[in-house]
Structures are given as structure tokens and as C-alpha cells.
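For reference, the structure is listed below as C-alpha cells.
None of the figures in this text is laboratory data; all of them are computed from the coordinates on show. Because the structure is a prediction, the values reported are computed rather than measured. Here the Cβ is made from the backbone with ideal geometry for all residues, glycine too, and neighbour counts use every protein chain on show.
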Amino acid sequence: MGDSVKFSSKMDGATLDALRTYAREEGRTVAGVLGEAVQEYLDKNRVRPAFREAAEAVLHEHDELLRRLAK
């Protein structure tokens, strides 16, 4: 991770309370939990376009075979 940068955001009060409780129970900071959660979210969503492109390439490559199998 790089240098920490302070920023401001908003979220539902109940969600923030749950986040604070979770961080406290885990012995972590809210910033630490948020940073990890955001990184996991970004990593997961970056994989989807690559998977989608690969799936489309396979479907295109085997289009005729898939049409025959569908009959």
C-alpha cells in the first residue's frame, strides 16, 4: 500500500455503527477495515471484465459447434 491519504465520505448511520463494532471486535481500525474492503472490491471487479472478454472469445471461436449442440 502507498501513503495514507485522508478523505471524507458519507454512509448510512447503521452501517457505520456496524463497521465500528466490527473493527473494534477485530482489534482493528475503521480505516484498516475500509481499506481492505475497498481493495478486495476493486480486485474482484477488475477480474470480471477479463473473465467476460475470455468467455466471449471462447463463445465466438466455437460458435458453430455451440449452435449444433443447441439443436
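In table form, for the structure just shown:
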| quantity | calculated |
| --- | --- |
| Label-to-label distance, nm, for residues given as Leu19 and Arg52 (7 Å Cα→Cβ offset) | 2.6 nm |
| Rounded to whole Hz, the Karplus (6.51, -1.76, 1.60) HN-Hα couplings of region 59-67, x for glycine and proline | 4, 5, 5, 10, 4, 5, 4, 5, 5 |
| HN-Hα J in Hz across region 21-32 - Karplus 6.51, -1.76, 1.60, θ = phi - 60°, x for Gly and Pro | 4, 4, 4, 4, 4, 8, x, 10, 8, 4, 4, x |
| For Arg28, residues with placed amide H under 5 Å, excluding near neighbours | none |
| Chymotrypsin sites (Phe, Trp or Tyr not before Pro) within the chain, DSSP loop, no more than 13 other Cβ atoms inside 10 Å | Phe7 |
| Label-point gap, in nm, between Phe7 and Val30 - each point 7 angstrom along Cα→Cβ | 1.6 nm |
| Choice from Val47, Val30, Val58 with maximal GNM fluctuation in the chain (Cα, 10 Å cutoff) | Val58 |
| Per residue, the convex hull volume that the Cα atoms of region 13-70 enclose (Å³) | 128 Å³ |
